[in-house]
1. On the full set of protein chains, 1.4 Å probe, figure out the accessible area of residue 108 and give it in Å² to the nearest 10.
2. Pairs of Cα atoms under 8 Å, at least six residues apart: use those to get the relative contact order of the chain, whole percent.
3. Just by accessible area at a 1.4 angstrom probe, what is the order of 120, 161 from largest to smallest?
4. What's the longest uninterrupted piece of the chain once you rule out the chymotrypsin sites (Phe, Trp or Tyr not before Pro) that are loop residues per DSSP with at most 16 other Cβ within 10 Å?
5. Please sort by residue number the GluC sites (Glu not before Pro) in segment 63-168 whose DSSP state is loop and whose Cβ has at most 12 other Cβ atoms within 10 Å.
6. On the full set of protein chains, 1.4 Å probe, figure out the accessible area of residue 24 and give it in Å² to the nearest 10.
7. How far, in degrees from 0 to 90, does helix 112-145 lean away from the longest principal axis of the Cα atoms of the chain, to the nearest 10?
8. I need the Debye-formula profile for segment 45-108: one equal scatterer per C-alpha, no solvent, reported as log10 I(q)/I(0) at q = 0.26 1/Å, two decimals.
Amino acid sequence: MKAAGYVRVSTPQQKEKGSHHNQKEQLQEYASSRDDIEEIEIFQDVAISGQDPSRDEYQDLMDRLSEFDAVIVRDLSRLGRSMKQLIEDIEEMGRKDVEFITIQENLDTSTAQGKLLFHIMGAFAEFYANSKREETMARAQRYKENGKGWGRPQKLSEDVIVNQLLPDRKKGVSYHQA
(Lines give C-alpha, C1' and ligand atoms only; values in the text may rest on other atoms or scores of the structure.)
Protein backbone atom coordinates (compact mmCIF):
# COMPACT_ATOMS: atom_id res chain seq x y z
CA MET A 1 0.00 0.00 0.00
CA LYS A 2 1.22 3.49 -0.83
CA ALA A 3 0.28 6.14 1.71
CA ALA A 4 0.36 9.92 1.77
CA GLY A 5 1.14 11.65 5.03
CA TYR A 6 -0.06 15.19 5.63
CA VAL A 7 1.65 17.55 8.08
CA ARG A 8 0.44 21.06 8.95
CA VAL A 9 1.37 23.63 11.57
CA SER A 10 -0.53 26.90 11.86
CA THR A 11 1.98 29.37 13.28
CA PRO A 12 5.59 30.46 12.80
CA GLN A 13 6.12 29.64 16.51
CA GLN A 14 5.11 26.02 15.88
CA LYS A 15 7.54 25.99 12.97
CA GLU A 16 10.34 27.31 15.18
CA LYS A 17 9.63 24.61 17.77
CA GLY A 18 9.86 21.95 15.05
CA SER A 19 6.27 20.73 15.42
CA HIS A 20 6.16 19.85 11.73
CA HIS A 21 9.24 17.64 12.12
CA ASN A 22 7.60 15.85 15.07
CA GLN A 23 4.46 15.22 13.04
CA LYS A 24 6.51 13.90 10.12
CA GLU A 25 8.38 11.50 12.41
CA GLN A 26 5.11 10.26 13.91
CA LEU A 27 3.70 9.56 10.45
CA GLN A 28 6.84 7.73 9.35
CA GLU A 29 6.91 5.64 12.55
CA TYR A 30 3.24 4.76 12.15
CA ALA A 31 3.74 3.73 8.52
CA SER A 32 6.75 1.56 9.37
CA SER A 33 4.78 -0.13 12.18
CA ARG A 34 2.18 -1.37 9.68
CA ASP A 35 3.07 -4.32 7.50
CA ASP A 36 0.71 -3.23 4.72
CA ILE A 37 2.28 0.19 4.11
CA GLU A 38 5.23 -0.09 1.76
CA GLU A 39 5.82 3.60 1.08
CA ILE A 40 4.76 6.97 2.52
CA GLU A 41 5.08 10.34 0.80
CA ILE A 42 4.89 13.35 3.12
CA PHE A 43 3.12 16.61 2.23
CA GLN A 44 3.83 19.60 4.53
CA ASP A 45 2.18 22.99 4.95
CA VAL A 46 4.03 25.10 7.50
CA ALA A 47 2.65 28.23 9.21
CA ILE A 48 -0.70 28.00 7.39
CA SER A 49 -4.16 27.91 8.95
CA GLY A 50 -6.23 24.77 8.57
CA GLN A 51 -9.11 26.98 7.43
CA ASP A 52 -7.13 28.18 4.43
CA PRO A 53 -8.16 25.96 1.48
CA SER A 54 -5.37 27.35 -0.74
CA ARG A 55 -2.61 25.49 1.13
CA ASP A 56 -0.14 24.41 -1.57
CA GLU A 57 0.80 20.97 -0.25
CA TYR A 58 -2.79 20.21 0.75
CA GLN A 59 -3.92 21.08 -2.79
CA ASP A 60 -1.15 18.91 -4.26
CA LEU A 61 -2.21 15.99 -2.05
CA MET A 62 -5.89 16.35 -2.99
CA ASP A 63 -5.00 16.63 -6.70
CA ARG A 64 -2.93 13.43 -6.49
CA LEU A 65 -5.29 11.37 -4.28
CA SER A 66 -5.70 8.61 -6.85
CA GLU A 67 -1.97 7.80 -6.53
CA PHE A 68 -2.44 6.65 -2.91
CA ASP A 69 -4.22 3.92 -0.99
CA ALA A 70 -4.37 5.88 2.28
CA VAL A 71 -3.94 9.37 3.71
CA ILE A 72 -2.48 9.51 7.20
CA VAL A 73 -2.46 12.51 9.57
CA ARG A 74 -1.39 12.84 13.20
CA ASP A 75 -4.83 14.12 14.20
CA LEU A 76 -7.97 15.27 12.48
CA SER A 77 -7.30 18.98 13.00
CA ARG A 78 -4.14 18.76 10.87
CA LEU A 79 -6.18 18.15 7.70
CA GLY A 80 -8.52 21.08 8.37
CA ARG A 81 -10.75 22.95 10.80
CA SER A 82 -13.97 23.18 8.80
CA MET A 83 -16.36 20.26 9.25
CA LYS A 84 -17.81 20.87 5.80
CA GLN A 85 -14.38 20.75 4.15
CA LEU A 86 -13.28 17.70 6.17
CA ILE A 87 -16.43 15.83 5.15
CA GLU A 88 -15.94 16.79 1.50
CA ASP A 89 -12.29 15.68 1.62
CA ILE A 90 -13.10 12.34 3.25
CA GLU A 91 -15.93 11.72 0.79
CA GLU A 92 -13.54 12.49 -2.08
CA MET A 93 -11.08 10.00 -0.62
CA GLY A 94 -13.87 7.42 -0.37
CA ARG A 95 -14.85 7.93 -4.02
CA LYS A 96 -11.24 7.24 -4.95
CA ASP A 97 -10.96 4.21 -2.60
CA VAL A 98 -8.44 6.01 -0.39
CA GLU A 99 -8.53 5.26 3.34
CA PHE A 100 -8.23 8.12 5.82
CA ILE A 101 -6.30 7.39 9.01
CA THR A 102 -5.59 9.54 12.05
CA ILE A 103 -3.01 8.35 14.52
CA GLN A 104 -4.15 10.08 17.73
CA GLU A 105 -7.87 9.39 17.36
CA ASN A 106 -7.18 5.92 15.95
CA LEU A 107 -9.60 6.71 13.16
CA ASP A 108 -9.78 4.56 10.06
CA THR A 109 -12.57 5.39 7.59
CA SER A 110 -12.53 1.92 6.10
CA THR A 111 -14.74 0.90 9.08
CA ALA A 112 -18.27 2.02 10.10
CA GLN A 113 -16.95 2.95 13.55
CA GLY A 114 -14.21 5.04 11.95
CA LYS A 115 -16.73 6.93 9.83
CA LEU A 116 -18.87 7.73 12.89
CA LEU A 117 -15.86 8.85 14.91
CA PHE A 118 -14.73 11.03 12.00
CA HIS A 119 -18.00 12.98 12.09
CA ILE A 120 -17.82 13.45 15.85
CA MET A 121 -14.17 14.59 15.84
CA GLY A 122 -14.78 16.91 12.89
CA ALA A 123 -17.64 18.57 14.76
CA PHE A 124 -15.31 19.22 17.70
CA ALA A 125 -12.62 20.66 15.42
CA GLU A 126 -15.16 23.04 13.85
CA PHE A 127 -16.51 23.97 17.30
CA TYR A 128 -12.98 24.87 18.43
CA ALA A 129 -12.35 27.07 15.38
CA ASN A 130 -15.71 28.84 15.80
CA SER A 131 -15.04 29.41 19.51
CA LYS A 132 -11.72 31.08 18.71
CA ARG A 133 -13.39 33.28 16.09
CA GLU A 134 -16.10 34.30 18.59
CA GLU A 135 -13.44 35.14 21.21
CA THR A 136 -11.61 37.35 18.74
CA MET A 137 -14.79 39.17 17.71
CA ALA A 138 -15.78 39.70 21.37
CA ARG A 139 -12.31 41.10 22.12
CA ALA A 140 -12.59 43.48 19.16
CA GLN A 141 -16.01 44.63 20.40
CA ARG A 142 -14.62 45.28 23.92
CA TYR A 143 -11.77 47.35 22.47
CA LYS A 144 -14.24 49.33 20.39
CA GLU A 145 -16.55 49.94 23.39
CA ASN A 146 -13.57 51.17 25.43
CA GLY A 147 -12.56 53.61 22.69
CA LYS A 148 -9.43 51.66 21.77
CA GLY A 149 -8.42 50.86 18.25
CA TRP A 150 -8.48 47.34 16.90
CA GLY A 151 -6.14 46.26 14.14
CA ARG A 152 -3.57 48.29 12.30
CA PRO A 153 -3.65 52.02 13.10
CA GLN A 154 -4.35 54.42 10.25
CA LYS A 155 -1.23 56.03 8.84
CA LEU A 156 -3.04 59.28 8.07
CA SER A 157 -5.55 61.06 10.27
CA GLU A 158 -9.11 61.54 9.09
CA ASP A 159 -8.46 65.29 9.00
CA VAL A 160 -5.57 64.88 6.56
CA ILE A 161 -7.58 62.53 4.36
CA VAL A 162 -10.71 64.72 4.23
CA ASN A 163 -9.12 68.17 4.10
CA GLN A 164 -5.99 67.55 2.03
CA LEU A 165 -6.02 64.33 0.00
CA LEU A 166 -9.62 64.21 -1.19
CA PRO A 167 -9.67 67.78 -2.55
CA ASP A 168 -6.38 67.12 -4.37
CA ARG A 169 -7.75 63.88 -5.83
CA LYS A 170 -10.81 65.76 -7.13
CA LYS A 171 -8.40 68.11 -8.92
CA GLY A 172 -6.63 65.15 -10.55
CA VAL A 173 -3.54 65.16 -8.32
CA SER A 174 -2.31 61.67 -7.39
CA TYR A 175 -1.64 60.65 -3.78
CA HIS A 176 2.09 60.54 -4.50
CA GLN A 177 2.10 64.05 -5.96
CA ALA A 178 0.09 65.51 -3.05
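1. Near enough 40 Å² of accessible area.
2. 19 percent
3. The ranking, largest first, comes out as 120, 161.
4. 1-149
5. none
6. Approximately 70 Å² for this residue.
7. Long axis of 112-145 versus the principal axis of the chain: about 20 degrees.
8. Reported log10 I(q)/I(0), two decimals: -1.34.
The values are calculated or read from the model by the stated rules, or taken from the named source; none is laboratory data. Keep in mind that this is a model prediction, so the values were computed, not measured. A quick note on method: Cβ atoms are made from the backbone with ideal geometry, for glycine too, and the neighbour counts reach across all protein chains shown. We work out accessible area using only protein heavy atoms, side chains counted, and drop any ligands, DNA or RNA first. Shrake-Rupley method; radii C 1.70, N 1.55, O 1.52, S 1.80 Å.
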